[in-house]
Structure formats: structure tokens, C-alpha cells
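Comments concern the structure below.
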Amino acid sequence: MTTRVAILISGSGSNMVTLVKAMQSGDIDATPVVVISNVTTAAGLDKAKALNVNAVALDHRPYKGDRAAFEAELNKVLNEHNVDLICLAGFMRILTPDFPNQWKRKILNIHPSLLPKYKGLHTHQRAIDAGDDNGGCSVHLVTGELDGGPVLGQVAVPIMENDTADNLAERVLVEEHKLYPAILADFIKQM
Ligand code: GAR
């Protein structure tokens, strides 16, 4: 039985596209069954549809102040699609600890830093400001601690003189697109 994967996004969805293509080409032994965005206007939703993947907009705004209610709706969509595994790919909502507890070892995330450094936002600027030699990206298991679960793989990207957060982000994203499918493929083999 193929592993049924949901991908959660909030924006452009470039990581989602690389994951979907890797599954559709057979490089990852899994099926992308649904892409869910908490941002209704996310460009990634149309990209998912263009790849013939179900795309669902689940606006978080009506659930303001009630993350648990939003997550209950999220679970409804995930269960409707019989999802086995969740990939967060630029999903910018903070989850309550309950959610990863319900999906223990079943949620992966990609984060644009060399974890445990720079959890949270503005990772590239923080690496530049700290004078680090490298930025990078990490794929990790999601636990109740924000960006704190076990790291499954990471890639360092050298920081150049005069780098801005934007051009570092661009070079890191190229590496994200290689790292995430590779880690997901291995993870699924071991499931
Ligand atoms: C990626 O750089 C990803 O690592 C980052 O958002 C970007 C999404 O780009 N994720 C986070 O910052 C999560 N905390 P994409 O929508 O083009 O894949």
C-alpha cells in the first residue's frame, strides 16, 4: 500500500512542487493525496491543481484565538483523504502540541536554518547578523516544541560577503529542493 501524503503550505509552494514531482515520478514511494493551505490566496494551491493534486484552502482566520478548533478542521480534511504522513512545506502556522502528539512521528518539516540554530522566523538575517560562516536548511520531525524535533538531515550553504537575507534564502531554497525529497524518500522506506 502506498503511503498517502498531505502537504501543508502557506505560500508559494516551491518545496511542495518538488515533493509532488518526486512522488509522481516514482522517486519517492508515496502518493500526494492533498495539499492544504491556511492562506486562501497561496500561489501553491494553483500549482497543486496544475499537478492534479487535490488542493484545499483552510482559512485559519475564522478560528482566531482557537488553534485547537482550526486543527480539528485540519484533522477532518486529513482524515477525509486517509492521510498517513504530513509534510509541512512553508506552513507558517504554529501548531498546538496536541497536533503532533496525535500524529507522532508522522509530521516532517523543512526549516531554513541549521537547527538547532535559529528556530522561528528571520533565520537568514539572524545567521548573517551573527557572522556565521554558513546558513542552511534542515528537515526534522515535528514535535510539540517549535522547530525542535529530531533533525533527519541538513545542508549548509556558505554565507558570502555582502549577502542579504534574500539572496541567501534563494541559494538555500535550491538546497531545500534537493534535501526534502531525499529525506522523505528515506523516511518512507523506513516506515
Ligand atoms: C522555505 O524556505 C521553507 O524552508 C520556509 O518557508 C519557505 C517556503 O517556501 N519555512 C519556514 O520558514 C517554516 N518555519 P516555499 O513555499 O516556496 O516552499
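The values are calculated or read from the model by the stated rules, or taken from the named source; none is laboratory data. Here the structure is a predicted model, which means the values were calculated and not measured. Because the Cβ atoms are built from the backbone with ideal geometry, glycine has one as well, and the counts that use them run over all protein chains shown.
Summary of computed values
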quantity: Filter result for GLY131 (on the phi < 0 side of the Ramachandran plot and either among the small types (Gly, Ala, Ser) or touching a Pro at 6+ places or on another chain (Cβ under 8 Å) (or both)); calculated: no
quantity: Which numbered condition ILE94 fails, given (1) within 15 Å of the ligand (Cβ to nearest atom); (2) more than 16 Å from the chain's Cα centre (by Cα); (3) of a type in the set (A, V, I, L, M); calculated: (2)
quantity: Condition check for PHE187: away from the ligand (no atom under 14 Å from the Cβ), at pLDDT 95 or above and crowded, with 20+ Cβ neighbours inside 10 Å; calculated: yes
quantity: Members of region 73-91 found to be surrounded by 13 or more Cβ atoms within 10 Å (Cβ to Cβ) and away from the ligand (no atom under 13 Å from the Cβ), listed by number; calculated: GLU73, LEU74, ASN75, VAL77, LEU78, HIS81, VAL83, ASP84, LEU85, ILE86
quantity: Matching residues in region 96-124 - criterion: being touching a residue at least 40 places away in the same chain (Cβ under 8 Å), of a type outside the set (A, V, I, L, M, F, W, C), surrounded by 17 or more Cβ atoms within 10 Å (Cβ to Cβ) and within 20 Å of GLU175 (Cβ to Cβ); calculated: ASN109, PRO112, HIS124
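Conditions tested, residue by residue: (1) within 11 Å of the ligand (Cβ to nearest atom); (2) in contact with a strand residue (DSSP E or B) (Cβ under 7 Å, 6 or more places away or on another chain); (3) at pLDDT below 95; (4) over 24 Å from ASP27 (Cβ atoms).
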{"site": "PRO112", "(1), (2), (3), (4)": "yes, yes, no, no"}
{"site": "ARG126", "(1), (2), (3), (4)": "no, no, no, yes"}
{"site": "ASN134", "(1), (2), (3), (4)": "no, yes, no, yes"}
{"site": "HIS140", "(1), (2), (3), (4)": "yes, yes, no, no"}
{"site": "GLN154", "(1), (2), (3), (4)": "no, yes, no, no"}
{"site": "HIS177", "(1), (2), (3), (4)": "yes, no, no, no"}
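Okay, residues lined up against (1) touching a residue at least 24 places away in the same chain (Cβ under 8 Å); (2) within 15 Å of the chain's Cα centre (by Cα):
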| site | (1), (2) |
| --- | --- |
| ASP132 | yes, no |
| LEU146 | yes, yes |
| ASN167 | no, no |
| VAL174 | no, yes |
